[in-house]
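**Q** One structure, pasted below without further comment.
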Amino acid sequence: MTATPTTTQADGSTVLADGTDPARARRRVAAVGLGLGALTIAGLLVTTPWGERNATSYDEIAPVRDAAWAGMLADGIAFAVVGLLFSMTVLSLVRGRGRVPALVGAIVTSLGGLLFAMGSFAFASLAWYATSSAIPVDAGKALMAYAAENPQHGFVPAMVGFLLFTVGSLLLAASLLRSRAVPLAAVIVFAVLTLSQFAGVEGRGLDFVQIALMLLLTGLAVVGFRRS
């Protein structure tokens, strides 16, 4: 087997003989994925296919059961993708000061994104089956009510995942701030919006806060792509 000729550049990166840089290509793929994931979440928050925010009852889910299931599935996948690729993009941008919080933040954010996706899809599947015409309405309502009263196997994992994602995001923001990899104002706005999610903002107001966060992450994706 013949080895592929490579060239090592001054910054330590390896370039193939044809001039391509595999590491740069991976960073660009991560940035594009981050942008697409963030825009997907923003689009879902605009359209809210699952109905009202925090809708968990039978009567709220039943009229939109198919759209709610598809929306929660897409949101969970996109959230997991954003968690992973947000981390990868920050790690590619922070190469000096701020590397430690970037690494810790990447681990926490990635775990949070995956856990949120799992919990969200667990509820989506439960709600879809419970509101099916194959199950009597009274039984479906009882099942949905039981799930709301015993959240440890559905809602709690999603909530813990969201909390981990939030903490990890703040660590990643701190690493970007320390490294000066992106404009200071953007990092401050991101941190303020992230914390404002826990300041009593509800309904569409909270949707708009999270849409703004996703747009900021889309901007970060653009920076990551251009600097890769």
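The values are calculated or read from the model by the stated rules, or taken from the named source; none is laboratory data. Every value quoted in this text rests on a predicted model; they were computed, and no experiment measured them. No Cβ is skipped: glycine too gets one built from the backbone with ideal geometry, and neighbour counts run over all protein chains shown. Accessible surface areas use protein heavy atoms only, side chains included; no ligands, DNA or RNA. Shrake-Rupley method; radii C 1.70, N 1.55, O 1.52, S 1.80 Å.
**Q** What number of residues in the range 48-93 are in contact (Cβ under 8 Å) with a residue 24 or more places away in the chain, part of a helix (DSSP H, G or I) and not acidic (Asp, Glu)?
**A** Total satisfying the criteria: 27.
**Q** Out of everything in the range 66-102 that is open to solvent by 50 Å² or more (accessible area, probe 1.4 Å) and of a type in the set (D, E, K, R), what residue ends up being farthest from the chain's Cα centre (by Cα)?
**A** Here the residue is Arg97.
**Q** Would the range 171-185 turn up any residue that is out of contact with any strand residue (DSSP E or B) (no Cβ under 7 Å at 6 or more places or on another chain) and closer than 20 Å to Asp75 by Cα?
**A** There is no residue in the range 171-185 that is out of contact with any strand residue (DSSP E or B) (no Cβ under 7 Å at 6 or more places or on another chain) and closer than 20 Å to Asp75 by Cα.
**Q** Mind listing just one residue for me: the one in the range 152-161 that is out of contact with any Ser or Thr (no Cβ under 6 Å at 6 or more places or on another chain) and crowded, with 18+ Cβ neighbours inside 10 Å and, of those, farthest from Thr56 (Cα to Cα)? Let's see the steps before the verdict.
**A** First pass over the range 152-161, keeping only residues out of contact with any Ser or Thr (no Cβ under 6 Å at 6 or more places or on another chain): 152-157, 159-161.
Then keep just the ones that are crowded, with 18+ Cβ neighbours inside 10 Å; that gives 154-155, 157, 161.
Values: Gly154: 11, Phe155: 10, Pro157: 15, Gly161: 18 Å.
Restricting to residues being out of contact with any Ser or Thr (no Cβ under 6 Å at 6 or more places or on another chain) and crowded, with 18+ Cβ neighbours inside 10 Å, the top hit is Gly161.
**Q** Go through the range 130-228 and tell me which helices (runs of 4 or more DSSP H), entirely inside it, have 1 or more residues that are under 21 Å from the mean Cα position of the chain (by Cα) and on the phi > 0 side of the Ramachandran plot. Break it down stepwise before answering.
**A** Working: elements: 137-149, 155-179, 184-196, 203-227.
So the answer is 203-227.
**Q** Does Ser110 fit the bill of being modelled with pLDDT under 95 and among the small types (Gly, Ala, Ser)?
**A** Working: modelled with pLDDT under 95: no; among the small types (Gly, Ala, Ser): yes.
No; evaluated as a whole, the condition is false for this residue.
**Q** Right, here's the next one. Which is surrounded by 14 or more Cβ atoms within 10 Å (Cβ to Cβ) and farther than 18 Å from Leu36 by Cβ, of Phe190, Phe225? So that I can check it myself, show each step before the final result.
**A** Values: Phe225 fails: farther than 18 Å from Leu36 by Cβ.
None of the other options fit; the residue is Phe190.
**Q** Based on what the data block shows, is Ile41 within 20 Å of Leu220 (Cα to Cα) and surrounded by fewer than 19 Cβ atoms within 10 Å (Cβ to Cβ)?
**A** On the way: within 20 Å of Leu220 (Cα to Cα): yes; surrounded by fewer than 19 Cβ atoms within 10 Å (Cβ to Cβ): no.
No, not satisfied.
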